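J.: Here it is, the structure, as structure tokens.
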Amino acid sequence: MSVVSAASPRDAVRSRRTPDPCAVVIFGATGDLAHRKLMPALYRLARLGRIASCAVVGVARRPKTDEAFRAEMAEAVLGPSPPASARSAWTAFAQGLSYVQAEFGDALAYDRLRDALDRLDRERGTAGNRLYYLATAPAFYAGIVRRLGEHGLVVRSASGDAGGWARVVVEKPFGRDLASAHALNGTLRDVFREAQIYRIDHYLGKETVQNILVFRFANGIFEPLWNQHFIDHVQITVAETVGVEGRAGYYESAGVVRDIVQNHMMQLLTLVAMEAPVAFEADEVREEKVKVLRAARRLSSDDVARHVVLGQYSRGTIGDEQIPGYLQEPGVAPDSRTPTYAAMRVLVDNWRWAGVPFFLRSGKRLPKRVTEIAVQFKRPPLPMFRGAGGREPNLLALRIQPDEGISLRFVAKAPGTAMTLRPVDMGFAYAAAFGEGEELSEYERLLLDCMLGDATLFTRRDEVEEAWSLLAPVLTWWDATAAPSVPVPYAAGTWGPDAARTLIERDGRRWRTP
Ligand SMILES: NC(=O)c1ccc[n+]([C@@H]2O[C@H](COP(=O)([O-])OP(=O)(O)OC[C@H]3O[C@@H](n4cnc5c(N)ncnc54)[C@H](OP(=O)(O)O)[C@@H]3O)[C@@H](O)[C@H]2O)c1
């Protein structure tokens, strides 16, 4: 199964281009995301020669010199005691790093930022090109964007035709609900054009997520079966073994619906359910994705409790490890109602999917870390081999992580004189087929795309709002209900509450154990 070479030729050419020199401005440069993801990604892109020159301006609250910022970033990227060879490569990259101390609400700080950017244009040839990355708490996004506009730091061009370009990357979560997402979109659009706005969902940077489209649309044999005539139902699972990992403050206000379902799961749903785009181009792809969300049936307030299960983990064990309950985690309110698990039945009311349920589930402290899409096909019309076993339906599993790959389950005759049937799996494993190459990690790929001006793997305004609109009844129900069963407890190390089993079994289906 060819994957890399099956991408559109135009895309292959596009992703090998080198972006124009630009200044990357990271708001929140001393935070966790910048340390763990952004700076290592920029450094690797530079090391691989994928970006010609890189000037990074870190912006954050604490005072520090350029030198101190470089030393902090060196440790984040290289670790505490790197070998001399790593140090010398870093030194060249680090010359492009500088720091602007700023309280985000302080107007004068944006004048200092402008001076720093003008200097980079002169000294490092960044030619007025700016990539602003909002890597700080969402509460600051709108204020930063407004001040960038007020201080003349945004040219209204995504392509550089006005003597430099400006683009903005907005981290998740994008809003807390439909109204706040709509308001943030409004603020962004006051300052930037839509083509300049990159709403990032790092799941879309994963090779295996992009491969969903290649698998579906670069092969001739699957798409004719990809509809309500042949598919019984689809299960999308995003399972984590970890808990809140020191981020209780954030998680308490988000919960699984905002943290995972609204973004990552909606992206997986759209990719698996969308129609073929006219071309592998930003607006063509996003147009088809958003149609899936538009077609997804909205739940009435009466339906929510029947089609959605929210859970919260209690004490349990994963492997040999004793796991405290969510309520015992540091930073979690003792009476918190934050859900750490969600299961949901979604119907997509279009000709392709009429009557095919999509079952979504995601949770923390589940037995296994796995993200997969399982497409279960309908059974053959007649059970010809009665009493021989092997009644399992065909199942196509797209494994996003870990052990990335694809497997197809079908029934085979077990060797022997008796007619005994057994399900078997035919598999494709990414690592075995392609080995460890120089492929880019999620943040590397997405940062490179932003610098190249390719928004295909970013979420468009209407997409993010449709996703919130689909989930609005779930959030309202969670906020409004006083029922002690919301969220329902489940023991850590299990696959979620019993109610989630009931949700799918009521439909005559069963959750798969990945
Ligand atoms: N961390 C992740 O793995 C991850 C993953 C996906 C999405 N995200 C999203 O990325 C964003 C950043 O997350 P994070 O975990 O990196 O946050 P974080 O560790 O809390 O970092 C926040 C950053 O913002 C700066 N800051 C806070 N208040 C400020 C103010 N008033 N003025 C100026 N600077 C201020 C901090 O500077 P000081 O250090 O100087 O205070 C720090 O650099 C969030 O929206 C998050 O949801 C994070």
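The values are calculated or read from the model by the stated rules, or taken from the named source; none is laboratory data. Worth saying up front: this structure is predicted, and the values here are computed from it rather than measured. We place every Cβ from the backbone using ideal geometry, glycine too, and count neighbours over all the protein chains shown.
J.: For residues in the stretch 192-222 being outside any helix (DSSP H, G or I) and of a type in the set (A, V, I, L, M), which is nearest to Gln401 (Cα to Cα)?
T.: Among residues in the stretch 192-222 that are outside any helix (DSSP H, G or I) and of a type in the set (A, V, I, L, M), the one nearest to Gln401 (Cα to Cα) is Ile200.
J.: Continuing with the same structure: Identify, please: which residue in the stretch 233-264 is of a type in the set (S, T, N, Q) and within 13 Å of the ligand (Cβ to nearest atom) and is, among those, surrounded by the fewest Cβ atoms within 10 Å (Cβ to Cβ)?
T.: Ser253
J.: While we're looking at this one, here's another question. Name, by its number, the condition in (1) of a type in the set (A, V, I, L, M, F, W, C); (2) touching a helix residue (DSSP H, G or I) at 6+ places or on another chain (Cβ under 6 Å); (3) not in a strand (DSSP E or B) that does not hold for Ile400.
T.: (3)
J.: Would you call Gly435 closer than 28 Å to Ile406 by Cβ, in contact (Cβ under 8 Å) with a residue 24 or more places away in the chain and among the small types (Gly, Ala, Ser)?
T.: no
J.: Do any strands (runs of 3 or more DSSP E) lying entirely in the stretch 11-104 carry at least 1 residues that are surrounded by fewer than 20 Cβ atoms within 10 Å (Cβ to Cβ), modelled with pLDDT of 90 or more and assigned by TED's automatic domain parsing to the domain that holds Asn129, and which ones are they?
T.: 97-101
J.: Is it the case, given these coordinates, that Glu444 is under 19 Å from Leu268 (Cα atoms), acidic (Asp, Glu), in contact (Cβ under 8 Å) with a residue 40 or more places away in the chain and touching a Lys or Arg at 6+ places or on another chain (Cβ under 8 Å)?
T.: no
J.: Need the failing condition index for Ala273 against (1) small (Gly, Ala, Ser); (2) crowded, with 18+ Cβ neighbours inside 10 Å; (3) over 26 Å from Asp403 (Cα atoms), just the number.
T.: Unmet for Ala273, out of (1) small (Gly, Ala, Ser); (2) crowded, with 18+ Cβ neighbours inside 10 Å; (3) over 26 Å from Asp403 (Cα atoms): (3).
J.: Right, something else. Pairs under 8 Å by beta carbon, first residue closer than 14 Å to Ala139 by Cα in the stretch 245-256, partner of a type in the set (Gly, Ala, Ser) and more than 10 Å from the ligand (Cβ to nearest atom), six or more apart or different chains?
T.: Gly249/Gly331
J.: Something else about it: Return a yes/no flag: does the stretch 486-503 have any residue that is at pLDDT below 95 and part of a helix (DSSP H, G or I).
T.: no
J.: Only one residue in Ala127, Ala135, Ala166, Ala162 is at pLDDT 95 or above and either surrounded by fewer than 20 Cβ atoms within 10 Å (Cβ to Cβ) or within 16 Å of the ligand (Cβ to nearest atom) (or both), so which one is that?
T.: Result: Ala135 is the single residue among Ala127, Ala135, Ala166, Ala162 that is at pLDDT 95 or above and either surrounded by fewer than 20 Cβ atoms within 10 Å (Cβ to Cβ) or within 16 Å of the ligand (Cβ to nearest atom) (or both).
J.: Are any residues in the stretch 30-62 within 21 Å of the chain's Cα centre (by Cα) and within 7 Å of the ligand (Cβ to nearest atom), and if so, which ones?
T.: Gly31, Asp32, Leu33, Ala34, Arg36, Lys37
J.: Does Asp115 satisfy being more than 13 Å from the ligand (Cβ to nearest atom), part of a helix (DSSP H, G or I) and in contact (Cβ under 8 Å) with a residue 12 or more places away in the chain?
T.: In short, no.
J.: While we're here: State whether the residues of the stretch 433-440 include one that is more than 22 Å from Val272 (Cα to Cα) and buried (at least 20 other Cβ atoms within 10 Å of the Cβ).
T.: yes
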